[in-house]
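What follows is a short report on a single structure.
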Amino acid sequence: MNYDCLIVGGGIAGLQAAIQLGRYKHKMLVLDSNDGRSVICQNYHNILGYPDGVSGPELRVLGKKHAESLGVEFVHEKVEQAEKAEGGFVVSAESGNKYSGKRILLATGVMDRMPPFPELMPCLGISVYVCPDCDGYEVKDKRTIVLGSGNAGANMALTLSYWTNDLVFINHEKKPADTELLEKMREKNIEYVEETIDKVLAHDDKFNGITLESGREIVGDRGFIAFGGNEIKSGLAKQLGAERLENKHILTDPRSKMTSVQNVWAAGDVAAHSEQVTIAMGEGAQAAIWIHKSLLQDKN
């Protein structure tokens, strides 16, 4: 079946675009591998209409239900390849299935580099965070432990010093941090520990601290993860020839969100912006509006 548009990624940007395009009565397919940031975040605190927060999984369920009510189709597929074809594009999934569409929207997102401690997962968005712009407020005046590596962790600790004066940076990977950053941390009385973490102390969604390889226990009320090297899921854009920045985020037109390749759009964290849920929603809707305009042009 040839769809009007294929949306690769069923996170926040992809769902918002699907809702908008469904309301335009286009034949839509969302291909979702169900492994993005919104799957693991247990609470977003800075979204209009949710003063007590809302989880990523809840938003995904609501968004999918909303889109399906508008006729949007969903498949659980991990797309591995995308290529231009006559009349549009064809994507190939890990399963071997192929799907075709006149337009394509890449909403494939970003995935943070997480340390291998499963105890952290229930805490994400509740007592452990990854984004200071989203959740720096949540550590206000609380003892906070930055679990990180090198400059990424040092910069996070310095950023969080805006909200709290009680900070510890654990350089889990012992990757060197710049002397200038270490000096700034000393000036702000941020404790610096260059040692491997042995265990994360947590009870359900409540982060309590960590135990180091030496056996030393460091307690804390909140945790922040900052290892750097996040995965920018823009490989499909590269296959299609779309321009990317050095950090692999996809460049888009500010007005339409179309990439440098005709009829290929990108929205959400995979695009070049500040990686915010609310911005991802806006970009998804914005891209959908211009996808609709382009499809109308084909008909006229």
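For this structure, a couple of remarks:
- Selection of the range 225-242 for residues being open to solvent by less than 20 Å² (accessible area, probe 1.4 Å) and either without any contact (Cβ under 8 Å) to a residue 12 or more places away in the chain or within 12 Å of ASP112 (Cα to Cα) (or both) yields ILE225, ALA226, PHE227.
- ALA157 being at negative phi, part of a helix (DSSP H, G or I), among the aliphatic types (A, V, I, L, M) and open to solvent by less than 10 Å² (accessible area, probe 1.4 Å): yes
- Any hit, the range 147-154, residues being assigned to a helix (DSSP H, G or I) and at positive phi: yes
- Pick from the range 113-138, criterion of a type in the set (D, E, K, R) and either more than 15 Å from the chain's Cα centre (by Cα) or open to solvent by 20 Å² or more (accessible area, probe 1.4 Å) (or both), ranking: nearest to HIS273 (Cα to Cα): ASP133
- LYS257 being surrounded by 24 or more Cβ atoms within 10 Å (Cβ to Cβ) and among the charged types (D, E, K, R): yes
- Some residue of the range 233-250 being touching a helix residue (DSSP H, G or I) at 6+ places or on another chain (Cβ under 9 Å), among the basic types (Lys, Arg) and closer than 30 Å to ASP298 by Cβ: yes
- Conditions (1) in contact with a Cys (Cβ under 8 Å, 6 or more places away or on another chain); (2) of a type in the set (D, E, K, R); (3) within 22 Å of ALA152 (Cα to Cα); number of the one not met by LYS206: (3)
- The conditions of being charged (D, E, K, R), open to solvent by 50 Å² or more (accessible area, probe 1.4 Å), at negative phi and under 21 Å from the mean Cα position of the chain (by Cα) are met by GLU58.
- Within the range 187-242, the only residue that satisfies the criterion of being of a type in the set (Gly, Ala, Ser), in a loop (DSSP other than H, G, I, E, B) and under 17 Å from ILE126 (Cα atoms) is GLY220.
- Candidates LYS102, LYS78, LYS98: the one that is open to solvent by 50 Å² or more (accessible area, probe 1.4 Å), closer than 22 Å to SER256 by Cα and basic (Lys, Arg) is LYS102.
- Filtering the range 195-239 to residues that are β-branched (Val, Ile, Thr), under 30 Å from HIS249 (Cα atoms) and out of contact with any Gly (no Cβ under 8 Å at 6 or more places or on another chain) leaves only ILE232.
- Unique match (being touching a Ser or Thr at 6+ places or on another chain (Cβ under 7 Å) and surrounded by 18 or more Cβ atoms within 10 Å (Cβ to Cβ)) among ALA280, ALA202, ALA267, ALA271: ALA271
- For the range 18-55, a tally of residues being open to solvent by 80 Å² or more (accessible area, probe 1.4 Å), charged (D, E, K, R) and either modelled with pLDDT under 95 or not in a helix (DSSP H, G or I) (or both) returns 2.
- Annotation: LYS174 fulfils all but one of (1) surrounded by fewer than 22 Cβ atoms within 10 Å (Cβ to Cβ); (2) at negative phi; the unmet one is (2).
The values are calculated or read from the model by the stated rules, or taken from the named source; none is laboratory data. These figures come from a predicted structure and were not determined experimentally. Neighbour counts are summed over all protein chains in view; Cβ atoms, including those assigned to glycine, are modelled from backbone coordinates with ideal geometry. For the accessible areas, the whole protein counts, side chains as well, though only heavy atoms, and no ligand, DNA or RNA atoms are used. Shrake-Rupley method; radii C 1.70, N 1.55, O 1.52, S 1.80 Å.
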